[in-house]
Amino acid sequence: MKIIVAIKQVPDRDAPVRIDASGKWIEESGLQFAMNEPDAYALEEALRLKEAHGGEVIVLSAGPERVGTTIREALAKGADRAIHITADDLGSRDALGVAKLIAEAIKPESPDLILTGLQSEDLGLGQTGVILAELLNLPHASLILHVEAIGSGLKVKRELEAGWFQEIELPTPAVLTIQSGGNKLRYATLMGIKKAKTKELRAVSAADLGQSSAPTVTLEQIALPSKQRSTQILSGSAKEAAAALVEKLKFEVRVI
C-alpha cells in the first residue's frame, strides 16, 4: 500500500503571537515552528497501516525552506521518503490554491491512500483535504479516528457529535482527513533521526507544478481576540448556585 501524508508546518502553539505590519498575518520572525498536530496523527495512522500491511509512506509538505525540518521529523518517525513543494508565497494562497499544489504533486505517485489532518492549527479551515479529494476525483471521509484495510478497500471509524461514532467502508484509492487523538503519537528515535538524513527528499517548485497563486478567497485582516472580564452573581441557595455553576461550566465555558 502506497500512502501519501500531507503535513503542514505551523507556528508552535506556545509561541507568542504578534500581528505583522500588513495586518493580514502574524509576525513570523523569531517564531518556533512545529508539525501541525492533526497531521501528526495522520502520519501515525499511515505508519501503523504500513507496519500492519507493508508498503510505503511518503510525506508531502508545501512551504519555504524551513519546512524541511518538519519533513525530516516525519522521516525520522518512519516515513520512507518525502516531497517538498517549495513555495515562499503559501500565505497568499487560499485552501483551493494549496490543494491544487498538493494534487499536482500527488498525481504522478498514484497512491492507494492519501491522509491529511482534519484541520490546521493556524487557520483551522478544515478544507484542504476535502478539496483535494474533489480535485483528484476520489472518495473521501472526514473525522477519522481509525483506519483498517479490508480486502481491496478500507473500513474507517468516524467521530460524530455527542459521543457517537460511525463505521463506514469505502474503496481505494481514497482521501481521509484524520481527527486528533485516535492513536498515541510516537517519538523519533535516535536511529530514526540518523536514517532520516539519508532518505530521499525531493523538492519541486510551485512554478514547476504550474499553479497560479491568484486566490479565489482573500484574507482581509486578522486580529487578536479582545480580552473581556465579567462577573456573574449566582442567586439562590448554595445547592441551586452550585447546580447553575456546573451548567455554565458545561455548556458556556465547556471545561467539564
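The values are calculated or read from the model by the stated rules, or taken from the named source; none is laboratory data. Bear in mind that the values here come from a model prediction, so they are computed numbers and not experimental data. Quick reminder, even Gly has a Cβ in these numbers, built from the backbone with ideal geometry, and neighbours come from all protein chains shown. The protein model used for the area step is the full one, side chains on, heavy atoms only, and it has no ligands, DNA or RNA in it. Shrake-Rupley method; radii C 1.70, N 1.55, O 1.52, S 1.80 Å.
With a threshold of 30 Å on the Cα-Cα distance, the over-threshold entries among Lys24/Lys227; Lys24/Lys248; Lys2/Lys194; Lys155/Lys248; Lys24/Lys100; Lys157/Lys199 are Lys24/Lys248; Lys155/Lys248; Lys157/Lys199.
For the chain, calculate the relative contact order in percent as a whole number, restricting contacts to Cα pairs under 8 Å that are 6 or more residues apart. Reported as a whole number, the value is 24 percent. Helices in the chain, meaning DSSP H runs of at least 4 residues, each add -39500 (n - 2.57). Divided by all residues, the mean residue ellipticity at 222 nm is -8500 deg cm²/dmol. The calculated Kirkwood hydrodynamic radius for the chain is 20.0 Å, given to one decimal from all distinct C-alpha pairs. Share of carbon and sulfur in the accessible area of the chain stands at 52%, probe radius 1.4 Å. Which shape class, rounded, prolate or oblate, goes with the stretch 163-246 when its Cα gyration tensor gives a ≥ b ≥ c as root eigenvalues, a/c under 1.5 marks rounded, and past that a/b bigger than b/c marks prolate? It is prolate, given that a/c is not under 1.5 and a/b is the larger ratio. Charge dipole of the chain (Cα centre as origin; +1 on each Lys and Arg Cβ, -1 on each Asp and Glu Cβ, all else neutral): 620 debye, rounded to the nearest 20. The angle separating the long axis of helix 238-251 from the principal Cα axis of greatest extent in the chain is about 20 degrees.
Taking every protein chain into account, the accessible area of the stretch 106-165 amounts to 54 square angstrom per residue (probe 1.4 Å).
Separation of the stretch 220-235 from the stretch 91-163 is 34 Å, based on Cα centroids. Once the Cα atoms of helix 95-106 and of the chain are each reduced to a long axis, what angle between those two axes, in degrees from 0 to 90 to the nearest 10, is obtained? That works out to roughly 30 degrees.
Rounded to the nearest 20 debye, the dipole magnitude of the stretch 89-215 is 640 debye, with +1 charges on Lys and Arg beta carbons, -1 on Asp and Glu beta carbons, and the Cα centre as origin. Distance between the 7 Å Cα→Cβ label points at Glu109 and Val253: 4.4 nm.
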